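Readers should treat all values here as calculations from the given coordinates under stated rules, not as data from a laboratory. Note that this is a predicted model, so its numbers are computed, not measured. Every residue, glycine among them, receives a Cβ derived from its backbone with ideal geometry; neighbour counts consider all protein chains shown.
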Amino acid sequence: MATLPQLIEEDVRRLDDVLREFLVQADATVALVVDKGGFLIAHQGDASDLDVTSVGALASGAFMASQTIAGLVNEKNFNHIYQQGERASVFMRNVDEHCLLVVIFPSKTGVGVVKFYSTNAVNRVASQLQAARERDPAGGLDLSELNVADPQGFFRKKDAKQETI
Amino acid sequence: MAIINQATKELQVKIVYYGPAMGGKTTNLVQVHDHVQTAAGNKGKLVSLATSSDRTLFFDFLPIEAMTIKGFKTKFQLYTVPGQVIYNTTRQLVLRGVDGIVFVADSQYEKMPENVESFQNLIDNLNALKINLAEVPYVLQYNKRDLPNVAPVEYMEFLLNNRDVQVPSFGGTAHKCEGVFESLNMITRMLLQKFINQSVPQYA
């Protein structure tokens, strides 16, 4: 089940362009494109004090939970979530079957403007991902030089001396 | 499925810890988080969505950056699922996009029915996502080997590892960090092996 295509430089550059443009239009702080499995695909904006990896994982979890609720109440059109806070708010919107757009913006910015401009951004992100998918549907990564039979661990424990400290 | 980003030279993979309630899935993640040897700054924060009684409500999440393969940074995302039977919908959500599974079984005799039930639940949930268990790399971890009333490993192998292809299994005592890294390294090796077999040589 390949959900996402291999992304080349051009894809990422275009996604970044879309997000940057959207941030200016909507006066938002950070915008992320997240895979529904929890992977962060692209992000733009001032995320210096933000753990974008965790935001991506949690946002996709929350979004998918809401989609499941939609299924339980026989509703097909729960395509966005909005959380209003005192200072910061979050808006998430469905992009396509595999991805969603997550926007973090100051609460003084109205959600209307974010919602309005996100329509265009979502369409452009979706078409870029579609293009990537069509370009190379079975793309992979050449790992042929990797010796997976190597007994050395990929993850290593700190040695005992360090642990006792 | 894993994400390959040629622009930022990143490979992102998702490993899910699955198993019955109170079996030690979260403990595995906590131990990895506490003991993994990484260069400063590339071990993520362990995010845990748990109830007041330490039971996982939605999932635990630990991002780690591991070794570099041919110039690609590999980012691992470790997830656990809630073990309690009632949280099945949540388990299905977490399994989405999974690349590898560590099944954490409870070695105590009286937990065997729960282990078997949880494994069947894993197969059902994968099927619901149109994934066949045989196509996903997975390993088994027989946890809580330090308890007095544990079943022999051979018996657990018979119950849980009795398919066409036998997968690697490890005895473990997660709270002492025994078996934790062995399972994680083996699943990593298996899923990278799968990528190698699938991948076509890329033009430079």
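Highest mobility in the GNM of chain B, judged by mean-square fluctuation with C-alpha springs under 10 Å and restricted to B:139, B:153, B:94, is found for B:153. For chain B, hydrophobic long helices are taken as DSSP H runs at least 15 Å long by C-alpha position along their axis with mean Kyte-Doolittle hydropathy of -1.0 or more; these are B:25-35, B:112-128, B:180-198. Approximating the spin labels as points 7 Å out from Cα along Cα→Cβ, the residue B:117-to-residue A:97 distance works out to 3.4 nm. Other residues lying with their Cβ under 13 Å from the Cβ of residue B:132 contribute a combined charge of -1, Lys and Arg counting +1, Asp and Glu -1. What is the protein assembly as shown by shape, rounded, prolate or oblate, if you read a ≥ b ≥ c off the alpha carbon gyration tensor as root eigenvalues and call it rounded for a/c under 1.5, prolate for a/b larger than b/c, and oblate otherwise? Prolate is the answer for the protein assembly as shown, as a/c is 1.5 or above and a/b outweighs b/c. Here is the link list: B:9/B:194; A:157/B:14; B:9/B:43; A:157/B:70; A:115/B:14; B:9/B:176. Which ones come out longer than 27 Å on Cα distance? Distance filter (> 27 Å) returns A:115/B:14; B:9/B:176. Full extension of the chain segment joining residue B:193 with residue B:128 gains 20.9 nm, where the gain is 0.36 nm per residue of separation less the Cα-Cα distance. Taken residue by residue and averaged, Cβ atoms of other chains lying within 10 Å of the Cβ of B:3-16 number 5. The relative contact order of the stretch A:48-114, computed from alpha carbon pairs under 8 Å that lie at least 6 residues apart in sequence, is 22 percent. For the options B:128, B:50, B:174, a Gaussian network treatment of chain B with springs between C-alpha atoms closer than 10 Å singles out B:128 as fluctuating the most.
By the count of other C-beta atoms within 10 Å, a proxy for reagent exposure, A:53, B:74, B:80, B:8 are ordered fewest to most as B:8, B:74, A:53, B:80. Each of B:163, A:20, B:91 was scored by other Cβ atoms within 10 Å of its Cβ. Arranged with the fewest first, they read B:163, A:20, B:91. With the simple model of a label 7 Å out from the Cα in the direction of the Cβ, residue B:166 to residue A:27 spans 6.7 nm. The mean number of Cβ atoms from other chains found within 10 Å of a Cβ in peptide A:38-46 is 4, as a whole number. For a label point 7 angstrom out from the Cα of residue A:46 toward its Cβ, which stretches of the stretch A:8-33 have the backbone nitrogen within less than 14 Å? Under cut-off, by backbone N: A:24, A:27-31. Here the spin labels are modelled as points 7 Å beyond Cα on the Cα-Cβ line, and at residue B:53 and residue A:119 they lie 4.8 nm apart.
On the basis of the beta-carbon distance and an R0 of 51 Å, residue A:134 and residue A:156 show a calculated FRET efficiency of 0.80. Taking a straight line from the alpha carbon of residue B:130, these lysines sit under 16 Å away, with near neighbours fewer than eight places off in the same chain left out: A:36.
Across the stretch A:96-108, rounded Karplus estimates of 3J(HN,Hα) from the backbone phi angles (6.51 cos²θ - 1.76 cosθ + 1.60, θ = phi - 60°) give 8, 4, 10, 9, 9, 9, 10, 10, 10, 9, x, 5, 5 Hz, Gly and Pro being marked x.
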